[in-house]
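Notes to accompany the following structure.
The values are calculated or read from the model by the stated rules, or taken from the named source; none is laboratory data. Predicted, not measured: the structure shown is a model, and the values here were computed from it. Cβ placement follows ideal geometry from the backbone for every residue including glycine, while neighbour counts extend to all protein chains displayed. In case anyone asks, the SASA skips ligands and DNA or RNA and just uses the protein heavy atoms, side chains included. Shrake-Rupley method; radii C 1.70, N 1.55, O 1.52, S 1.80 Å.
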Amino acid sequence: MTKITEQPSLYDNLEKKSVRELLTDINTEDHRVADAVERCIPQIERLVSLIVPRLKHGGRLFYIGAGTSGRLGVLDASELPTTYGVSPALVTAIIAGGDKVLRTAVEHAEDDESQGWIDLKAHHIDEKDTVIGIAASGTTPYVVSALRTCRQHGILTACITSNPDSPLSTVSDVPIEMVVGPEFVTGSSRMKSGTGQKMILNMLSTTVMICLGRVEGNRMVNMQLTNDKLIDRGTRMLVDALHIDYDRARRLLLAHGSVEKALHFLGHNPDK
């Protein structure tokens, strides 16, 4: 049986369509993605409920994937330290072929059945950790084999895939099966599948960070002050929270390094 991700597109003769027709048809298909993700909320909720206590007790979260799926994992993991002020070691993304694959494809990297576990072992992974395999097809050997070995070592596993009942799902304690249907360009899973993976990763990591106390109200009070835009944002957070002038808020922020630390300091030293 042909995998859903490899089924023929619902559209044909693409080269004969106008630019407007192409864009409209792609957008029509993209609308299906949010609905597919919505159907996965119960599984995402279960996964978050399992991850949060593990992270609170010294565990870590790993994403592992190949190609587009692996790159999306790298993107999500790399943004969390700056956005939420967590250690880069808390969430780590591993991609088949290593970091050079972010820009250049490495032939057969995803077909290596032993390398995924080797790459995870390099991080001294243990039973406190969680590993999420990301693969639209659900059959990528690098990812499937890595998760299978993780389960053998008592490590919590999950996956994000676009094919139900795939080999990847069978080795996942929490399978997230996001069925978006055939791609606009047949087999091009960087499109709807990739969009859905990005949405689920956003939902998952954001909810985990909120549950870990990295957000207050609706604000990123632990963000790293790595550029002028973020310094300005943090300053305005303090202005709003403390009803002080902008210059004083900025001095406080830069002195303490984060909105949360500045608020904590002022809470204990109201006359400062």
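Yes/no matrix, rows are residues, columns are (1) of a type in the set (S, T, Y); (2) over 22 Å from N202 (Cα atoms); (3) touching a helix residue (DSSP H, G or I) at 6+ places or on another chain (Cβ under 9 Å):
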| residue | (1), (2), (3) |
| --- | --- |
| P8 | no, yes, no |
| N13 | no, yes, no |
| N27 | no, no, no |
| D30 | no, no, yes |
| V33 | no, no, yes |
| A36 | no, no, yes |
| R39 | no, no, no |
| P42 | no, no, no |
| R46 | no, no, no |
So which residues in the range 79-106 are closer than 18 Å to G59 by Cα and assigned to a helix (DSSP H, G or I), if there are any at all? L80, P81, Y84
Considering the range 52-66, residues that are assigned to a helix (DSSP H, G or I) and in contact (Cβ under 8 Å) with a residue 12 or more places away in the chain, and then whichever is nearest to A93 (Cα to Cα), we arrive at L55
Considering only the range 1-46, how many residues are modelled with pLDDT of 95 or more, surrounded by 11 or more Cβ atoms within 10 Å (Cβ to Cβ) and of a type in the set (V, I, T)? 7
Subset tally (residues that are of a type in the set (D, E), in a helix (DSSP H, G or I) and without any contact (Cβ under 8 Å) to a residue 12 or more places away in the chain) for the range 1-46: 5
Out of all the residues in the range 168-196, which are among the charged types (D, E, K, R), in a loop (DSSP other than H, G, I, E, B) and surrounded by 20 or more Cβ atoms within 10 Å (Cβ to Cβ)? E183
Just to verify a result, which residue in the range 130-158, among those that are in a loop (DSSP other than H, G, I, E, B) and among the β-branched types (V, I, T), is farthest from K198 (Cα to Cα)? I155
Filter the range 55-64 down to the residues that are touching a Leu at 6+ places or on another chain (Cβ under 8 Å) and open to solvent by less than 60 Å² (accessible area, probe 1.4 Å) and list them by number. L55, R60, L61, F62, Y63, I64
Are any of the residues in the range 215-235 among the small types (G, A, S) and under 22 Å from V91 (Cα atoms)? no
Could you tell me which of the residues S69, S49 is free of Cβ contacts under 8 Å to residues at least 12 places away in the same chain, open to solvent by less than 80 Å² (accessible area, probe 1.4 Å) and assigned to a helix (DSSP H, G or I)? S49
Does L147 satisfy being open to solvent by less than 50 Å² (accessible area, probe 1.4 Å), within 24 Å of V52 (Cα to Cα) and without any contact (Cβ under 8 Å) to a residue 40 or more places away in the chain? no
Filtered residues of the range 90-114 (kept if within 15 Å of V208 (Cα to Cα) and open to solvent by 30 Å² or more (accessible area, probe 1.4 Å)): L90
Do we find that E127 is modelled with pLDDT of 95 or more, among the charged types (D, E, K, R), on the phi < 0 side of the Ramachandran plot and assigned to a loop (DSSP other than H, G, I, E, B) in this structure? yes
Unmet requirement for L238, which otherwise passes all of (1) open to solvent by 30 Å² or more (accessible area, probe 1.4 Å); (2) more than 28 Å from L75 (Cβ to Cβ); (3) not hydroxyl-bearing (S, T, Y): (1)
Count of the range 209-231 residues which are in a loop (DSSP other than H, G, I, E, B) and surrounded by 16 or more Cβ atoms within 10 Å (Cβ to Cβ): 9
